[in-house]
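To start, the structure itself, in structure tokens.
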There are 2 protein chains.
Amino acid sequence: MPPLPQKTAWDFMPAGWTCTDEANRADAASWRAPDGFEASTQLEHARLGTITKQMERVAEREPHLSAAQVRDEVAAGRMVIPANKNHLKTSLDPMAIGRASKTKVNANMGASPVSSSIDEEVDKLRWAEKWGADTVMDLSTGGDLDATRVAMTTHSTVPIGTVPIYSMIIGRKIEDLDEEIILDGIRAQAEQGVDYMTVHAGILKSHLPLVKKRLIGLVSRGGSLLAKWMLVHQRENPMNTSWEKICGVLREHDVTFSIGDGCRPGGLADATDELQLAELVELGKLTERAWRCGVQVMVEGPGHVPLDQIEFNMKAQRHLCHGAPFYVLGPLVTDMFPGYDHITSCIGATSAGYHGASMLCYVTPKEHLGLPKKDDVKQGCVAYKIAAHAADVALGIPGTRDNDDELTKARAALNWQKHFDLSFDPDLARAYHDEDLDVDTDFCAMCGHDWCSVRISKEISEWDSGLAEGFDRGRTVKSAALNEEQRRILEQRGNLSPAEIHKLAAKAKGKLVPADEDGRARCHSDHVGDDEAAKSVAPKEAAALANGDRLVQLDTSEAHGLSKADSVI
Amino acid sequence: MPPLPQKTAWDFMPAGWTCTDEANRADAASWRAPDGFEASTQLEHARLGTITKQMERVAEREPHLSAAQVRDEVAAGRMVIPANKNHLKTSLDPMAIGRASKTKVNANMGASPVSSSIDEEVDKLRWAEKWGADTVMDLSTGGDLDATRVAMTTHSTVPIGTVPIYSMIIGRKIEDLDEEIILDGIRAQAEQGVDYMTVHAGILKSHLPLVKKRLIGLVSRGGSLLAKWMLVHQRENPMNTSWEKICGVLREHDVTFSIGDGCRPGGLADATDELQLAELVELGKLTERAWRCGVQVMVEGPGHVPLDQIEFNMKAQRHLCHGAPFYVLGPLVTDMFPGYDHITSCIGATSAGYHGASMLCYVTPKEHLGLPKKDDVKQGCVAYKIAAHAADVALGIPGTRDNDDELTKARAALNWQKHFDLSFDPDLARAYHDEDLDVDTDFCAMCGHDWCSVRISKEISEWDSGLAEGFDRGRTVKSAALNEEQRRILEQRGNLSPAEIHKLAAKAKGKLVPADEDGRARCHSDHVGDDEAAKSVAPKEAAALANGDRLVQLDTSEAHGLSKADSVI
């Protein structure tokens, strides 16, 4: 686990709170709230020592944490529970983001002026939930923004985030933005049930001359719009000057801040530069100010960072923002692979997660190129579930690796169906397997029978996994017919003809690996690993190994002839 | 850069060589070869201080290195040039693998008994070369192994690697393997021009009881076969006992060792365990023994490792194998995503490259499921080019990031064609872009016109990149018709109907973003970023920024109406 920051939210208490025991500041018992104080946010409840229903639910969903631990992390500012009171009334299932909890994944979506519709976006929302998104941001800039947003908060069980400045300038020039419009816009979205909001209050007028030192300037939409506002008016960023008023609105509904990084780098060349670091210092100050208003805070982080700079970036944020959960976009670790940026960025995201980021904002294959389609949303989600899970495994969060180990056991037992059932995308895994071989036997098409190291290993010694209840399979089984999704996967891969896919789907007579006259698959040689040789080896081998291990030859005659005991799972 | 190991190949010189200056052991000038010695391998030439043609070629291909540096790295054992003398006579273009050179990528292929043919494999070879594989391993275990291997070495410009034990047991039981068969098999492949060979000499009889402590035992094919041999004969690994004789054959043709890790973990649960480390110690001893025979050495590394253990693994190998180039498979950082293991493993590969691995063996989406098809080979290559490149950028190898920065400049200038030309897979990037928008204009379908931060940034200030010669574009251009590859990409994505793809391919009248009555695209609002507002802002903005930057409004009327100056690139 990365080290703890020196300060916490307990060091930035609102005016009116009295500390009765300075030596134990980080303890609810040491504080007295102002007279008549009523907690509104999860942070405020935690400061009072209260365990809310939402904290209990979080502990239920993350069994390695107790509800009291969740409360303490929230009170310290190191964890947020983005749960708008209005969204709680409808469909939200509370979750938490922070270093003590599992690493989370956010999926961005939203209609653009060029493409998409409300139905399409709700469809993408469901799809993102299916593929494991822990939160969803509605970044719509086109269509009916209000209707889309309401549809999202009505339908989603996961927290919904937005960037409220987008809706503030619909039908309005950015220059015409003022404090009233800002507060009205944020209030309207808070009432609609938005759980967290990105506000780009960290980019300051004094930062703007640094923009021209960059190769690609500002790539944050909010950041670039506010930069334009500041240039036109020659005044400070209105999100920053109105910060405490914005906090007031957010506090009322318990909307969590996601303090936006308007100066995030748009290429490796601009990463960790003077501008990004200048803004990060300001993000720390905004964190302190929000905590003094009782509002929960996440901080957003960079989009393009070379691998060697990621750990440093995480450390700088942890120090300057006092452990407020870091929510990073990617980052991409190279710029030159457009079309594959779900991969370039999930490499950076894994490293970021391992070094302390709490939520990873996905990047899809369409990044830099166009609006993601449904399959892009899936590809982005999967890449980021990989990143989040790999980071959690590396961090040693208890229980995280259990499923990996179960799958390894199924693999060792050559139990294909269990292998696929335990995998993240069973349809895909099954389709890829069946593309070459439509029976589940003791090898795969990668090596064939004689060369399957797992099969040979099983021959050498039987070990716990293969014998454990529920793993051993023991005989060849005909797999079930392809389902629609699997058929579609194979169609899109384009390796098999429609007729071959149909044959596979129907599990018709013809087998992909035809048997020869002796009833053996043609991949089975007469020399390596045949039954007689294996049996003759057994006694020697038993003597060789310490604890009475046996050589177990799988019943490969069944495996290839398929004549005696075919069965369909 | 990771630190240097304490010892080098200069500490493991063959018998008969005399050091004349112990204080400067790591210098060819300090050594006298035995009388009548004739150098055969690149290592031996380097020990004599000779710069070979192959070293010169390597320096030509990697401009950050001089030929003398290449020689010195080869002499130290930290770099290999896998270049069989027979392959040099035909098609090989020499390359180098080592910490001082760029990180390399290997693509595995080869017919299995279940699937594929010689033509298919040669086709995959060409394909892997196209997608950037630096070496290719022919791991055929089916079909005509000799013919496939000869076809590979005849056609490939990249080094070819093999695992010679595979061909030794064709038509023979593994138990019948003996020293004569081993040496004959290796000699035959060396004469065929194989550039490097994996030999699993590190797994010892004493290691076998450790296998049963694992969840998935041995997953290396060579390792499991040799384990079976040892169990049957109750004798030591014949590859190990015959090591010096094998070295003799390899030295003659200058075949490079890739010392195989027969005990590589097959799941996270088995990573960095007693067995893997016991074998690693032996791999170090084999490295020393090979260097004493004048043979070049790489060492192979683990396939499944949690992210937090990768740096340690690299350090252990560097120390124990004295800096011999580390050639790693993946490693996968989670087990539960079969079908996506090109991604799970390229995360680990990037980290491995950054922490010191010199060559990354790709993993394709079909890993654990079946034999890779052509598109799987591409997906594996691309993921690993990303990993290798990201590692090189993070290591700061001079010049590595140039292309990323050029692409960032093209992106900043909204020069789409240049953006795609500079990208790794231009066809894919273009197809994804054109899926939504068939003109190259000053925004993309992700945000649309009004929300394009890059366009707004360009409006705020003009910076060097956008003005640099060759980047500025200045007007909207109609992109060229789709080529076959791009059409195929869109077909497989399945988002557009065949008719829509055809329309796009033909660039027929209909546009995906139709213009409204005023000739503007419907994604262009009347309020944000319109020309008049932008122009009125210009003087203020010019005053605001220090060095006389100007607000430059792109000619967006052209961008949307497309009426005046359409052109086709």
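Here is a list of conditions, (1) in contact with a strand residue (DSSP E or B) (Cβ under 7 Å, 6 or more places away or on another chain); (2) without any contact (Cβ under 8 Å) to a residue 60 or more places away in the chain; (3) at positive phi; (4) not charged (D, E, K, R), and B:Thr148 meets all of them except one; can you say which number that is?
Of everything listed in (1) in contact with a strand residue (DSSP E or B) (Cβ under 7 Å, 6 or more places away or on another chain); (2) without any contact (Cβ under 8 Å) to a residue 60 or more places away in the chain; (3) at positive phi; (4) not charged (D, E, K, R), B:Thr148 misses just condition (3).
Give the residues of the stretch A:210-258 that are closer than 17 Å to A:Met197 by Cα, among the hydrophobic types (A, V, I, L, M, F, W, C) and touching a Cys at 6+ places or on another chain (Cβ under 7 Å), sorted by residue number.
Result: A:Cys247, single match.
Please determine, by comparing only the residues of the stretch B:151-168 that are in a helix (DSSP H, G or I) and β-branched (Val, Ile, Thr), which one is surrounded by the most Cβ atoms within 10 Å (Cβ to Cβ).
B:Ile165
Which ones in the stretch A:388-403 are part of a helix (DSSP H, G or I) and not aliphatic (A, V, I, L, M)?
Listed by number, the residues that qualify are A:His389, A:Asp392, A:Asp402, A:Asn403.
Which of the residues belonging to the stretch B:69-83 are surrounded by fewer than 24 Cβ atoms within 10 Å (Cβ to Cβ) and closer than 14 Å to B:Ala59 by Cα?
Answer for the stretch B:69-83, where residues must be surrounded by fewer than 24 Cβ atoms within 10 Å (Cβ to Cβ) and closer than 14 Å to B:Ala59 by Cα: B:Gln69, B:Asp72.
Suppose we keep only residues that are touching a helix residue (DSSP H, G or I) at 6+ places or on another chain (Cβ under 7 Å) and more than 7 Å from chain B (Cβ to nearest Cβ) within the stretch A:373-386. Which one would you say is surrounded by the most Cβ atoms within 10 Å (Cβ to Cβ)?
A:Tyr384
Here's the yes/no breakdown for (1) under 23 Å from A:Ile216 (Cα atoms); (2) part of a strand (DSSP E or B); (3) open to solvent by 10 Å² or more (accessible area, probe 1.4 Å):
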site	(1), (2), (3)
A:Val299	yes, yes, no
A:Asp308	yes, no, yes
A:Met314	yes, no, no
A:Arg318	no, no, yes
A:Ala324	no, no, no
A:Val328	yes, yes, no
A:Met336	yes, no, yes
A:Gly339	yes, no, no
A:His342	yes, no, yes
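Of everything in the stretch A:417-461 that's modelled with pLDDT of 80 or more and assigned to a loop (DSSP other than H, G, I, E, B), which residue is most open to solvent (accessible area, probe 1.4 Å)?
Here the answer is A:Phe424.
I'm checking my understanding of the structure. Among residues of the stretch B:395-412 that are open to solvent by less than 10 Å² (accessible area, probe 1.4 Å) and within 9 Å of chain A (Cβ to nearest Cβ), which one is modelled with the lowest pLDDT?
Here the residue is B:Ala412.
Among the listed residues A:Lys385, A:Lys366, which satisfies the condition of being part of a loop (DSSP other than H, G, I, E, B) and either under 9 Å from the mean Cα position of the chain (by Cα) or assigned by TED's automatic domain parsing to the domain that holds A:Pro306 (or both)?
Being part of a loop (DSSP other than H, G, I, E, B) and either under 9 Å from the mean Cα position of the chain (by Cα) or assigned by TED's automatic domain parsing to the domain that holds A:Pro306 (or both) holds for just one of A:Lys385, A:Lys366, which is A:Lys366.
May I ask you to verify whether A:Ser224 is more than 16 Å from A:Gly301 (Cβ to Cβ) and within 14 Å of chain B (Cβ to nearest Cβ)?
Here the answer is yes, as A:Ser224 does meet what is asked.
Scan the stretch B:131-147 residue by residue and report those that are surrounded by 24 or more Cβ atoms within 10 Å (Cβ to Cβ) and assigned to a helix (DSSP H, G or I).
none
Restricting attention to the stretch B:121-145, and to residues there that are more than 14 Å from chain A (Cβ to nearest Cβ) and basic (Lys, Arg), which single residue is nearest to the chain's Cα centre (by Cα)?
My answer is B:Lys130.
Which one is most open to solvent (accessible area, probe 1.4 Å), of the residues in the stretch A:208-263 that are free of Cβ contacts under 8 Å to residues at least 24 places away in the same chain and within 17 Å of B:Arg455 (Cα to Cα)?
Only one residue fits best here, namely A:Lys212.
Take the residues of the stretch A:169-206 that are part of a loop (DSSP other than H, G, I, E, B) and touching a strand residue (DSSP E or B) at 6+ places or on another chain (Cβ under 6 Å): which is surrounded by the fewest Cβ atoms within 10 Å (Cβ to Cβ)?
A:Val194
Answer yes or no as to whether A:Glu236 is more than 14 Å from every other protein chain (Cβ to nearest Cβ) and among the acidic types (Asp, Glu).
Against the criterion (more than 14 Å from every other protein chain (Cβ to nearest Cβ) and among the acidic types (Asp, Glu)), A:Glu236 does not qualify.
Has the stretch B:345-355 got at least one residue that is facing chain A (nearest Cβ under 9 Å), over 15 Å from the mean Cα position of the chain (by Cα) and surrounded by 24 or more Cβ atoms within 10 Å (Cβ to Cβ)?
no
Among the listed residues A:Ile118, A:Ile186, A:Ile170, identify the single one that is more than 14 Å from every other protein chain (Cβ to nearest Cβ), at pLDDT below 90 and over 21 Å from the mean Cα position of the chain (by Cα).
Testing whether each residue is more than 14 Å from every other protein chain (Cβ to nearest Cβ), at pLDDT below 90 and over 21 Å from the mean Cα position of the chain (by Cα) leaves just A:Ile118.
Here is a list: A:Asn108, A:Asn86, A:Asn24. Which entry is touching a Leu at 6+ places or on another chain (Cβ under 8 Å), open to solvent by 20 Å² or more (accessible area, probe 1.4 Å) and in the same structural domain as A:Gly330 (by TED's automatic domain parsing)?
On inspection, the qualifying residue turns out to be A:Asn108.
The values are calculated or read from the model by the stated rules, or taken from the named source; none is laboratory data. Quick caveat: nothing in here was measured; it's all calculated off a predicted structure. Please note: Cβ atoms are built from the backbone with ideal geometry, for glycine as well, and neighbour counts cover all protein chains shown. Just so you know, the surface numbers come from the protein's heavy atoms only, side chains and all, with ligands and any DNA or RNA stripped out. Shrake-Rupley method; radii C 1.70, N 1.55, O 1.52, S 1.80 Å.
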